[in-house]
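The values are calculated or read from the model by the stated rules, or taken from the named source; none is laboratory data. Everything numeric here is computed off the predicted structure, so don't read it as measured data. Neighbour counts are summed over all protein chains in view; Cβ atoms, including those assigned to glycine, are modelled from backbone coordinates with ideal geometry. Only protein heavy atoms, including side chains, enter the accessible area calculation; ligands, DNA and RNA are left aside. Shrake-Rupley method; radii C 1.70, N 1.55, O 1.52, S 1.80 Å.
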Amino acid sequence: EARGRRDASCHFQATLAGGLLLAGATLLLSGAALATSLLGLALAGLAIGSRSDRPPLAFHGVAYLAAAASAAGLAGSAADALLASAIGPWRELTGSGGAVLLVAAVGYGLLLAGPRSPDAHWWRRLPHALVAVLLGCGLLGAAARWLVLALGAGPGPHADAAVVATVRTALLALLAVALAWAGRRFKLLELSWLVYPVLACGGLKLLFEDLPRGRPATLFLSLTLYGGALVATPRLLRRER
């Protein structure tokens, strides 16, 4: 690590080394072994990066965590539960995918436990935001899968696309409200950043999924929940502690 000044060559070499390590692990390993190795690298990068006054290793940890999510099938499972047709089939959430969620939660905790300066540049909070996005998408996909199965709405040839769409909208609305509350309550700027992107995704989803596939009852629920999130989140973000 460069001492006392910004050193572009130091950051370049560190990034090159991280990319080569990731490429080598992908060539040498596969399946659960690859996911486990990447999770170890992610945890190490996030732990060391959280204690450094420079964030490159934290970004390395985020990159390894994202690669582990892909290798463990978490990314595919979450994408199916949140975006795929209700007719299915959806990819399963494996034990390795659950391990990625656990490591993401631990890694986010490590980043929060590191030194925080109120006047720090926004990019120092970017690793926190990226880990929060990965963790949020994974948990949202798992919750959507569980609720759809519990309601008997799919996935499968007899799936109820209207109910699936409403479940997804309800979870997005709940996530936006939770992010707004937690971001303000615990002064986590990165969570507040994510509120309006989540609401934007919810609005696009209403337009392209709920409206074409919904029934009057499910559309009423979707619009009510999304409208409630639109009303609640700005108030939560402005509320004084």
Based on alpha-carbon centroids, what's the gap between region 45-75 and region 178-193 in Å, whole number please?
21
Förster-model FRET efficiency, 22 Å R0, residue 231 and residue 201, C-beta, rounded to 0.05:
0.80
Kindly provide the helix-only [θ] at 222 nm of the chain, computed as the sum of -39,500 (n - 2.57) over DSSP H runs of four or more divided by all residues, to the nearest 500 deg cm²/dmol?
-25000 deg cm²/dmol
I want to verify the translational diffusion coefficient of region 149-205 in µm²/s; compute it with Stokes-Einstein, Rh as the Kirkwood radius over Cα pairs, at 10 °C and 1.306 mPa s.
127
Compute the distance in nm between two label points, each set 7 Å from the Cα along the Cα-to-Cβ direction, one at residue 139 and one at residue 28.
3.4
In debye, nearest 20, what is the charge dipole magnitude of the chain about its Cα centre with +1 on Lys and Arg Cβ and -1 on Asp and Glu Cβ, if you could check?
780
Please give the per residue volume of the convex hull enclosing the alpha carbon atoms of region 5-136, rounded to a whole number of Å³.
110
Looking at 195, 136, 162, which one has the Cα that reaches farthest to the positive end of the dipole of the chain (charges on Cβ: Lys, Arg +1; Asp, Glu -1)?
195
Regression test value, accessible area per residue of the chain, probe 1.4 Å, units Å², expected 53
Value of Rg to Rh for the chain (Rh from inverse mean 1/r over Cα pairs, i.e. Kirkwood)
1.02
What is the angle, in °, between the Cα long axis of helix 161-185 and the longest principal axis of the Cα atoms in the chain? Nearest 10 is fine, range 0 to 90.
50
Output row, site residue 121, 7 Å Cα→C-beta label point, backbone N cut-off 13 Å, window region 9-33, residues 11
Projecting each Cα onto the charge dipole of the chain (Lys/Arg +1, Asp/Glu -1 at the beta carbon, about the Cα centre), which of 115, 39, 15 comes out farthest on the positive side?
115
Probe radius 1.4 Å, ligands and nucleic acids ignored: give me the carbon and sulfur share of the accessible area of region 183-241 as a rounded percent.
69
Selection from 229, 26, 94, by position along the positive dipole direction of the chain (Cβ)
229
